Amino acid sequence: MISLLKKIFLYEIVQGLALTLRVWISGLFDPFKKKTNKTIVTRRYPKEKRPAAPGFRGLHALAKDENGKMKCVGCGMCSAMCPSKCIHIHTSEGADFKKTVTGYRVDVLRCLYCALCVEACPYGAVVLTGHYEYSGFSREDFVYDMPRLLENWDKYMAGKDGGRYFERFWTPKKKNFKGGDNIAS
Amino acid sequence: MLNLIIILVKIAVVISIALLHVAYASYFERKVIGHMQVRMGPMEVGWHGLLQPIADGIKLLFKEDIIPANADRHVFMIAPMICFFGAMSSIVVVPFFGSFKIGAYTVGGSLADLNIGLLFILAMSSLGAYGVILSGWASNSKYAFLGSLRSSAQVISYEVAMGLSLIGVIMLSGSLNLSDIVEAQASAWPLGWYAVPQFPGFAIFCIAALAETNRTPFDLPEAESELVAGYFAEYSGFRFALFFMAEYMGMFIMAAVAVACFLGGWNPVPGLGWIFPPGVWWFLVKVYVLFFIYFWVRSTLPRYRYDQLMALGWKFMIPISLANIILTGLWKVVF
């Protein structure tokens, strides 16, 4: 009998309507916040930006040490590790017969942001920053060369951010790295 | 001559207001459904997105009008016009307010005070279904075709129930003229609304109106998730806009008929007459409440399956509306 009455008066549909009405009112002026716990969840993206969580894997950067010098020694482990082969390193013999890095290119369009390069790097020289909004007008814009990657460090990892990044997420293997020290600077 | 000018002015006013109304009904819908889904709806164009419908209209006007190579060109081009014409022409008999006199001239509440007003609306709203069916046929696309087939089946099963549900009102008021029906309701028991003595008819009319205007949960002809966009899948630019406007005009007409036949038309809600005298504002308030219910239902209910829809139409709504007619007839005979 009761189920028949429920059917006739569309009980379940009325229940559904009550729910949507409650949500609607909560979106308008929120008197039922405790009941439904639903206020508007929209983020109006270009106006409200979400800060990237610490350790977010965004645009690449090449780390600098305290003296502002590039940490990279050109060992090529990152590019060997890279599953999408998007890191290209060029080294040459420098003035006093030391290995110097002359080119470091990251093709960002091919990168899949796995951060294996960060993991592989014994010196903590390559990082993925929290920056995620980058766009360009040509494919070439997304091939980041060495100066631009170093600039990224200054832009997004300046100050304490860089150090904290390694402390909390990636310990550079250099701390217990058994290889030779001071190969280059 | 004066009469002609007055009629032309009235037509211009009603049509322009109706089209503006269509634009802002879409805004209202997006806002209501957005808030019901814990979103915001349009926010960017103008204050709280108030200019969004205008931006949409400009965009649709300047879009390319694509006609598929294998489409039946002429039918393809005419179909949206039929749809739009069917929806817009119904508006001439909608009674917005009671007629009053300025000097010797009587200002009618509707563009044309037809004695067969209700019949005219039913005829014109079924004419709109021709546009739907022809567009699906002419598009030469399986999705559009399936959408139009569904629409024709839906129209057959719901027009009957809708017409039958209005017969009770016609019997009580003794007229097909919408203004007369509104006037007759002023003395109806109780409330001055036929929605109370004709409750089954009102319920069936509301459900059938949802089906008639292809709204969720009966939006089978344009089921996005199944048929891309249904019968107007191949349309773009302003022809698409015509279908869109026809849909919203159809909603407006159905809401207006429901208000005129069941909810007392331009007369105030009982007990609230002291706020405003009877007039077009009460009519519009009631229409907007019905619009809100359209959107509310849309954001709540999923789509019916095809056979469920047919079963609901033939097995429930038509028998109930027939029973309603019999009971109303008995009421008329006894009292």
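Bear in mind these aren't lab numbers, they're just calculated from the coordinates by the rules spelled out. In this text the structure is predicted, and so the values were computed from the model without any measurement. Because the Cβ atoms are built from the backbone with ideal geometry, glycine has one as well, and the counts that use them run over all protein chains shown.
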(1) over 23 Å from the mean Cα position of the chain (by Cα); (2) β-branched (Val, Ile, Thr); (3) more than 14 Å from every other protein chain (Cβ to nearest Cβ) all hold for B:Val45 apart from (3)
Give the range B:99-148 a look and list any residue that's surrounded by fewer than 18 Cβ atoms within 10 Å (Cβ to Cβ), over 18 Å from the mean Cα position of the chain (by Cα) and in a helix (DSSP H, G or I), or say none. B:Lys142
How about the range A:70-135: which strands (runs of 3 or more DSSP E) wholly inside it have at least 2 residues that are among the charged types (D, E, K, R)? A:99-107
If a residue has to be in contact (Cβ under 8 Å) with a residue 40 or more places away in the chain and over 19 Å from B:Ile17 (Cβ atoms) to count, how many in the range B:87-112 make the cut? 1
I'm told B:Ile82 meets every condition in (1) touching a Leu at 6+ places or on another chain (Cβ under 7 Å); (2) within 14 Å of another protein chain (Cβ to nearest Cβ) except one. Can you identify the failing condition by its number? (2)
Evaluation of B:Lys31 against (1) touching a helix residue (DSSP H, G or I) at 6+ places or on another chain (Cβ under 7 Å); (2) within 14 Å of chain A (Cβ to nearest Cβ) (one fails), failing number: (1)
All positions within the range B:228-254 that are closer than 17 Å to B:Trp137 by Cα and among the small types (Gly, Ala, Ser): B:Ala229, B:Gly230, B:Ala233, B:Ser236
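Among A:Gly58, A:Gly76, A:Gly94, which is the only one that is away from every other protein chain (no Cβ under 14 Å), on the phi > 0 side of the Ramachandran plot and either over 23 Å from the mean Cα position of the chain (by Cα) or not hydroxyl-bearing (Ser, Thr, Tyr) (or both)?
A:Gly76
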Of all residues in the range B:285-335, how many are in a loop (DSSP other than H, G, I, E, B) and of a type outside the set (Lys, Arg)? 4
Please name all residue pairs, on different chains or six or more residues apart, with Cβ atoms under 6 Å, provided the first residue is in the range B:126-138 and is farther than 15 Å from B:Asp219 by Cβ and the second residue is outside any helix (DSSP H, G or I). B:Ala138/B:Ala71; B:Ala138/B:Asp72
